[in-house]
Every structure is written in C-alpha cells, then in structure tokens.
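One structure is given below, encoded as structure tokens.
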Amino acid sequence: MSVSERIYEEVKKLPEPLQAEVLDFVQHLASKDKLEIASEIEQSWEGLSLALAMRGMENEDIPSYSAKDLREVF
C-alpha cells in the first residue's frame with residue numbers, strides 16, 4: 001500500500017472537522033513546496049543576471065582613486 005493510500009485510509013476514519021484540518025495542512029505543505037521551488041528558480045535567474053551584467057568586466061581597467069578624489073559637495 002502506498003503512502004497516499006495509507007493517508008487516505010487514516011483520514012477516512014477521522015471526523016469531518018479533523019479531515020478539514022488535514023486538508024489545510026496538506027495545502028500548506030503544497031504551497032510551501034511551491035514557494036521553495038519559486039525561490040530556487042529566482043535565485044538561479046538572479047545569479048544568471050549578475051553573471052551577464054558582470055561579463056567582460058574582468059578585462060576592464062580599474063580606476064585608482066586617492067584621498068584627493070574625495071570631495072563633499074553641498
């Protein structure tokens with residue numbers, strides 16, 4: 001018997017208000033899983049975006065600044 005079948009058999013034994021709680025919990029787990037997947041996808045896109053934005057910058061000359069370059073303008 002699969003896990004889902006075992007869960008189904010146990011939930012059938014519960015009164016309806018408790019079945020509703022089980023359903024809420026299952027929906028919570030499903031939405032949590034979707035959020036984690038969405039977060040992983042978003043992190044992948046952020047990494048790609050940063051990599052593309054920084055592409056070629058390693059070959060650029062880096063300006064050198066000194067204390068003389070610091071100014072406060074009001």
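Below are the figures for this structure:
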quantity	calculated
Anchor LYS13: aspartates and glutamates whose Cα lies under 20 Å away (excluding residues fewer than 8 positions away in-chain)	GLU5, GLU21, ASP24
Qualifying lysines (Cα of each under 21 Å from Cα of LYS12; at least 8 residues distant if same chain)	none
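All of the numbers you see were taken from the coordinates with simple rules; none came from a lab. Given the structure is predicted, the values throughout are model-derived calculations rather than measurements.
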